[in-house]
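In what follows, a single structure is set out as structure tokens and then discussed.
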Amino acid sequence: MKSILDTMKKKIGIAVLAIIIILQFFRIDKVNPEAVLANDFIVNTNPDEKTIKLLKSACYDCHSNTTEYPWYSNIAPVSWWLKDHIDEARGHLNFSEWTSYDKKKQLHKLHECYEEVEHGEMPLESYTWIHSEAKLSHEDREHLEHWFKSFGTFVDGDGD
Ligand code: HEC
């Protein structure tokens with residue numbers, strides 16, 4: 001009996017390994033869309049040094065075209081999950097394409113940024129597990145909130 005079980009375990013092990021290997025052939029597209037500096041949020045709004053640092057370390061990997069892919073982005077299925085996040089994040093807000101938003105949408109996005117940071121929703125927790133430099137202290141959050149708020153009246157409504 002034991003040997004039959006052993007053989008089965010071995011077969012299952014080989015099958016699982018084969019599936020994992022096959023998954024690796026489905027690679028994600030890691031070519032960033034062009035990041036035109038003239039269209040960038042930081043370039044256009046000229047924040048203070050600390051805000052620049054926080055935005056770059058905590059937001060830009062997902063919400064811009066300057067994503068730096070980590071080593072595990074080579075490993076499926078983690079890579080798919082990661083790429084999904086980046087695509088989705090850029091769809092909601094892309095700091096590299098800031099000037100393509102009209103004024104109303106920009107204000108709306110700034111409002112959303114404020115809320116996401118205030119509620120501790122952004123950066124995503126799954127990101128800060130690994131990118132400890134992206135963890136925002138209470139003071140960091142306040143600093144960012146202050147910057148997002150400094151653009152004046154918040155526009156209600158969807159704006160998308
Ligand atoms: C690991 C990737 C990642 C990081 C880092 C990240 N975000 Fe996001 N962000 C997302 C994803 C995915 C969504 C869309 C889904 C959601 O809202 O959870 C999103 C959505 C948003 C939205 C839109 C919310 C809405 O209601 O449409 C805003 C605003 C935002 N993020 C701001 C930020 C800011 C500001 C930072 C940095 C402090 C940041 N994000 C960091 C992935 C990320």
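Values in this text are rule-based calculations from the coordinates and carry no lab data. Because the structure is predicted, anything quoted here is derived from the model rather than measured. Backbone-built Cβ (ideal geometry, glycine too); neighbour counts: all protein chains shown.
Between V31 and I130, 0.36 nm times their residue separation minus their Cα-Cα distance comes to what?
Roughly 33.4 nm would be gained on extension.
Explain nothing, just compute: Karplus ³J(HN,Hα) = 6.51 cos²θ - 1.76 cosθ + 1.60, θ = phi - 60°, for every residue of region 117-127 in order, whole Hz, x for Gly and Pro.
Each residue's phi maps through the Karplus curve to give 6, 5, 7, x, 7, 10, x, 3, 4, 4, 7 Hz.
Going highest first, how would you order 24-36, 104-116 by mean Cβ packing within 10 Å?
Ranking, from highest mean packing down: 104-116, 24-36.
Report the full-extension gain for the segment E139 to L17: residue separation times 0.36 nm, less the Cα-Cα distance, to one decimal in nm.
39.3 nm
Provide the net charge surrounding K83, with neighbours chosen by a C-beta distance below 9 Å and charges set as Lys +1, Arg +1, Asp -1, Glu -1.
Taking every other residue near K83 into account, the sum is -2.
What ³J(HN,Hα) values, in whole Hz, does the Karplus curve 6.51 cos²θ - 1.76 cosθ + 1.60 give for region 41-52 when θ = phi - 60°, with x put for Gly and Pro?
4, 4, 4, 7, 10, 6, x, 5, 3, 5, 4, 4
Which of T66, P47, F25 sits closest to the plus end of the dipole of the chain, meaning its Cα is farthest towards the positive end, when Lys and Arg get +1 and Asp and Glu get -1 on the C-beta?
Going by the Cα projections, it comes out as F25.
Taking a label point 7 Å from the Cα of V43 along the Cα→Cβ vector, which residues of region 98-120 have an amide N closer than 18 Å to it?
98-102
Which entries in the list K53/K135; K56/K109; K10/K30 go over 24 Å, if you measure between the two C-alpha atoms of each? Each step should come with its number before you reach the end.
Numbers: K53/K135 12 Å; K56/K109 17 Å; K10/K30 35 Å.
In this structure, K10/K30 exceed 24 Å between Cα atoms.
So what's the net charge close to V36: Lys and Arg +1, Asp and Glu -1, counting the other residues with Cβ under 15 Å from its Cβ? It would help to have the intermediate numbers written out before the result.
Details: positive: R90; negative: E34, D40, E97.
So the environment of V36 carries a net charge of -2.
On full extension of the chain, what length is gained from Y69 through L5, given 0.36 nm per residue of separation minus the C-alpha to C-alpha distance?
18.9 nm
If you wrap a convex hull around the C-alpha atoms of region 1-107 and split its volume per residue, what is the figure in Å³?
Values: hull volume 13.7 nm³, N = 107.
That works out to 128 Å³ per residue.
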